[in-house]
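The values are calculated or read from the model by the stated rules, or taken from the named source; none is laboratory data. Remember, predicted model here, so these are calculated numbers, not experimental data. Quick reminder, even Gly has a Cβ in these numbers, built from the backbone with ideal geometry, and neighbours come from all protein chains shown.
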Ligand SMILES: Cc1ncc(C[n+]2csc(CCOP(=O)(O)OP(=O)(O)O)c2C)c(N)n1
Ligand SMILES: [Mg+2]
């Protein structure tokens, strides 16, 4: 009977009363479960649940005990049946001795920190210390399923405890961080101790090793989620078919953050998608029923913080954090479920928070009654020892305490601040830090290579029914490849990708509508118009080529960029790109940019070569389709933390992409990409430009050698300036494109400006308003280069919004800009 599904149950009229009653409990029992150790979160008894009767008692024991499971919303009957059998069948054994030791260790670790470093923030785990036996069980079960690494993303709560109890780092290392033994080594950089990543080795009871990788985490709650999943995916991809089995991601969330942060929904949403799946993530909400000073009724409209996960067809296990055996069994079930169905699982473990949000807060001001109850509540290990009938708990406490105190007294002798982290060896050979000339690489290809690639990239199987528009595009690309037609950006990009995968360098690009390309420019995946079969020329270049994967992403910026950043962290050999639909939407991913892309190396010494493709340019499409916010990236730029470029023609784009993949200098690359210029003849390049040059940070002006005026600019406006110059029959104005804004190409610019030592007017021209664009960044730098010559600027008036909404107003403004660039003298 227990193996029947609900739909079967509905059809089976002879079905017993028992099943009818059980079914009600399977559906609604979680609402009446006993989940809060302190009893503030009251069970609700839905009207449809019978209270009395033999079956009701039996069903109530299973579904309204200290575990409440939401699973009836899962449409797949096999999955529901699996959970039902595990819940209703015999319960597996728990090693209570081991669990007690873990609880004592977790509690005492916090206690020693509390006593020795009073008034320092540590974000104690006390109240949800069952997290330690839970993660322990997750590791034990995962190891049995074949896991070799747990990729763990978590925020502040209990992180230090997890580093010691789970990642098995020596407690003295964590204590040493409290001593702050070597502040000089991190002046102006580094991060607080409860954000640092850690690696370690967990050894299971049967002696198997599981590597622990705790991902470095910013304060921005949940921002680490997509990064952790992306990192896991990269590790899985490197491994091949058994990747999902070997690498298991675990995300530990706070209750308030899980309910409140949209990036959680973004990350859950791509769990089953081809480009993003990791075969299931385990989510644990370390639910202390509070977020700083905010209680659940102020924090989410739903009864449970986990509600957001209900839109997925995944189970949610609510469990009382003080029934440690139940917590352990739920952990076991969750991992088995993940491995069986390759699905995400949520464990909502409900406890409390022993102290204030951090240990310097007094929670009795905001939650006086709750904290009165907490004060009187014994630590979990005491309750557990008593329930389990383990009598030597006190002597275990003394032994463990002595051990920790000894470790603490050693901490001062650790003279170098521990990093708690080792780099995986696939990072060997890649470097960060400041740029050095020796990192330069040759990026051109021979004419034969280009012709061959061009051929491959513009052909498809003979029986493939191609769309007539795509056919035409491919015919044009074939002509571009053999020099009969100038090469446009779309072809330049595919040549760059094709040449890289041919050389064994994987390429992964994702973004909204990126397979076709927002501007109809990419067409990386060809579709047969009769059967929708796919053909990807980039995957059909040569036998031993690397993977080329181009995915349409979900409609997400932060979640997807976080994923790609994470991917780049564990795949330095690959070219990993995220494309914004329009560059304007990049600000939805601002937290990921600020916290990881820009600051990751500074804070954690972690490198990434992720590429951001951000369509940029003022083309009369309104305030949200004009600007990728060049100014924001320039403001973040320091100590060569990333590269900011705007390639002004197709060949420049080609060389830039290849440079990024081929150089051993691993830095994020921000590329402002074209829109209308994608097919503009002025931005197309001769095939020769793909052979005999590299990326140039400054494009010289080949037409004007003796100039009275030098216009400096970046991107589309430069081409418009050239047109304007032609229209004016002007032969005394030179136009220089600055294609690399950062690191600042001082030597190249100096050389170019020296060629025009007679020029009186040096002008920075931009289409962005005065408070945006590269103006604030370029002016002081240009002034330094030109010495006593004045540097002027042409730009739109300051504006609160990037552009006008009127296409006509835009055109008038643009005309004025172009005209002023040639006439203004002030
Ligand atoms: C995006 C973001 N907003 C606000 C904060 C400030 N903040 C830090 S912890 C916290 C409360 C978190 O509550 P919860 O998620 O329940 O975790 P807990 O501290 O209770 O474990 C807040 C608001 C932050 N770190 N990140
Ligand atoms: Mg909380």
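May I ask you to verify whether residue 199 is at pLDDT 95 or above and either touching a helix residue (DSSP H, G or I) at 6+ places or on another chain (Cβ under 6 Å) or under 25 Å from residue 286 (Cα atoms) (or both)? Walk me through it before giving the result.
Numbers: at pLDDT 95 or above: no; either touching a helix residue (DSSP H, G or I) at 6+ places or on another chain (Cβ under 6 Å) or under 25 Å from residue 286 (Cα atoms) (or both): yes.
So residue 199 fails the test.
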State all residues of region 59-77 that are without any contact (Cβ under 8 Å) to a residue 60 or more places away in the chain and out of contact with any helix residue (DSSP H, G or I) (no Cβ under 8 Å at 6 or more places or on another chain); if no residue qualifies, say none. 61
Region 207-223, residues that are within 16 Å of ligand 2 (Cβ to nearest atom) and touching a strand residue (DSSP E or B) at 6+ places or on another chain (Cβ under 6 Å): none
Could you tell me whether region 163-185 includes any residue that is within 15 Å of ligand 1 (Cβ to nearest atom), under 29 Å from the mean Cα position of the chain (by Cα), touching a residue at least 60 places away in the same chain (Cβ under 8 Å) and under 20 Å from residue 604 (Cα atoms)? no
Where residues in region 424-439 are surrounded by fewer than 16 Cβ atoms within 10 Å (Cβ to Cβ) and out of contact with any strand residue (DSSP E or B) (no Cβ under 9 Å at 6 or more places or on another chain), which of them is modelled with the lowest pLDDT? 425
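Tally time: how many residues in region 401-420 are surrounded by fewer than 18 Cβ atoms within 10 Å (Cβ to Cβ) and either at pLDDT 70 or above or under 15 Å from residue 174 (Cβ atoms) (or both)? If you could, list the steps in order and put the result at the bottom.
Of region 401-420, the ones surrounded by fewer than 18 Cβ atoms within 10 Å (Cβ to Cβ) are 401-403, 405-406, 409-410, 412-416, 419.
Now drop any that are not either at pLDDT 70 or above or under 15 Å from residue 174 (Cβ atoms) (or both), which leaves 401-403, 405-406, 409-410, 412-414, 416, 419.
Count: 12.
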Return yes or no: is residue 509 within 19 Å of residue 678 (Cβ to Cβ) and either in contact with a strand residue (DSSP E or B) (Cβ under 6 Å, 6 or more places away or on another chain) or in contact (Cβ under 8 Å) with a residue 40 or more places away in the chain (or both)? yes
Got a number for residues in region 237-272 being free of Cβ contacts under 8 Å to residues at least 12 places away in the same chain and near ligand 2 (Cβ under 10 Å from one of its atoms)? 0
Pairs where the first residue, in region 220-236, is more than 23 Å from residue 259 (Cα to Cα) and without any contact (Cβ under 8 Å) to a residue 60 or more places away in the chain and the second is more than 16 Å from ligand 1 (Cβ to nearest atom) and part of a helix (DSSP H, G or I), C-beta under 8 Å, 6+ apart: 236/243; 236/244; 236/246
With criteria (1) surrounded by 23 or more Cβ atoms within 10 Å (Cβ to Cβ); (2) away from ligand 2 (no atom under 16 Å from the Cβ); (3) in a helix (DSSP H, G or I), residue 317 comes up short on (3)
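Let me confirm something: among 279, 275, which residue is surrounded by fewer than 23 Cβ atoms within 10 Å (Cβ to Cβ), at positive phi and away from ligand 2 (no atom under 16 Å from the Cβ)?
Details: 275 fails: at positive phi.
After ruling out the rest, the residue left standing is 279.
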For region 112-130, enumerate the residues that are under 33 Å from the mean Cα position of the chain (by Cα) and not in a loop (DSSP other than H, G, I, E, B). 113
Would you check which residues across region 256-289 are assigned to a loop (DSSP other than H, G, I, E, B), in contact with a helix residue (DSSP H, G or I) (Cβ under 7 Å, 6 or more places away or on another chain) and within 14 Å of ligand 1 (Cβ to nearest atom) and list them? 288, 289
Got at least one residue in region 226-233 being closer than 20 Å to residue 160 by Cβ, within 16 Å of ligand 2 (Cβ to nearest atom) and surrounded by 24 or more Cβ atoms within 10 Å (Cβ to Cβ)? no
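Can you confirm whether region 201-209 contains a residue that is buried (at least 19 other Cβ atoms within 10 Å of the Cβ) and away from ligand 1 (no atom under 16 Å from the Cβ)? So that I can check it myself, show each step before the final result.
Taking region 201-209 first, the residues buried (at least 19 other Cβ atoms within 10 Å of the Cβ) are 202.
Okay, now just the ones that are also away from ligand 1 (no atom under 16 Å from the Cβ), so 202.
Among the residues of region 201-209, at least one is buried (at least 19 other Cβ atoms within 10 Å of the Cβ) and away from ligand 1 (no atom under 16 Å from the Cβ), which makes the answer yes.
Quick one: which residue in 49, 35 is at negative phi, crowded, with 16+ Cβ neighbours inside 10 Å and modelled with pLDDT under 95?
On the way: 35 fails: modelled with pLDDT under 95.
Selected residue: 49, the only one of 49, 35 that is at negative phi, crowded, with 16+ Cβ neighbours inside 10 Å and modelled with pLDDT under 95.
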Could you list, in sequence order, the residues of region 682-706 that are more than 38 Å from the chain's Cα centre (by Cα) and assigned to a helix (DSSP H, G or I)? 688
Test: residue 296 is in contact (Cβ under 8 Å) with a residue 24 or more places away in the chain, crowded, with 23+ Cβ neighbours inside 10 Å, in contact with a helix residue (DSSP H, G or I) (Cβ under 8 Å, 6 or more places away or on another chain) and on the phi < 0 side of the Ramachandran plot: no
When you check residue 305 against the structure, is it modelled with pLDDT of 95 or more, within 20 Å of residue 66 (Cβ to Cβ), in contact with a helix residue (DSSP H, G or I) (Cβ under 6 Å, 6 or more places away or on another chain) and buried (at least 20 other Cβ atoms within 10 Å of the Cβ), yes or no? yes
The one condition in (1) surrounded by fewer than 20 Cβ atoms within 10 Å (Cβ to Cβ); (2) not in a helix (DSSP H, G or I) that residue 578 fails to fulfil: (1)
Positions within region 658-681 being assigned to a helix (DSSP H, G or I) and at pLDDT 95 or above, in sequence order: 658, 659, 660, 661, 662, 678
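Residues of region 123-136 being more than 10 Å from ligand 1 (Cβ to nearest atom) and surrounded by fewer than 24 Cβ atoms within 10 Å (Cβ to Cβ), which ones?
Going through region 123-136, the residues more than 10 Å from ligand 1 (Cβ to nearest atom) turn out to be 126, 129-136.
Across region 123-136, the qualifying residues are 126, 136.
Is region 341-350 home to any residue that is in a loop (DSSP other than H, G, I, E, B), within 16 Å of ligand 1 (Cβ to nearest atom), surrounded by 19 or more Cβ atoms within 10 Å (Cβ to Cβ) and at negative phi?
If we filter region 341-350 for residues that are in a loop (DSSP other than H, G, I, E, B), which is where we start, we get 342-344.
From what is left, the residues that are within 16 Å of ligand 1 (Cβ to nearest atom) are none.
There is no residue in region 341-350 that is in a loop (DSSP other than H, G, I, E, B), within 16 Å of ligand 1 (Cβ to nearest atom), surrounded by 19 or more Cβ atoms within 10 Å (Cβ to Cβ) and at negative phi.
Name the single residue, out of those in region 641-657 being under 23 Å from the mean Cα position of the chain (by Cα) and outside any helix (DSSP H, G or I), that is farthest from residue 498 (Cα to Cα).
Filtering region 641-657 for residues under 23 Å from the mean Cα position of the chain (by Cα) gives 641-645, 657.
Okay, now just the ones that are also outside any helix (DSSP H, G or I), so 641-645.
Details: 641: 28, 642: 25, 643: 23, 644: 23, 645: 22 Å.
So, considering only residues that are under 23 Å from the mean Cα position of the chain (by Cα) and outside any helix (DSSP H, G or I), the one farthest from residue 498 (Cα to Cα) is 641.
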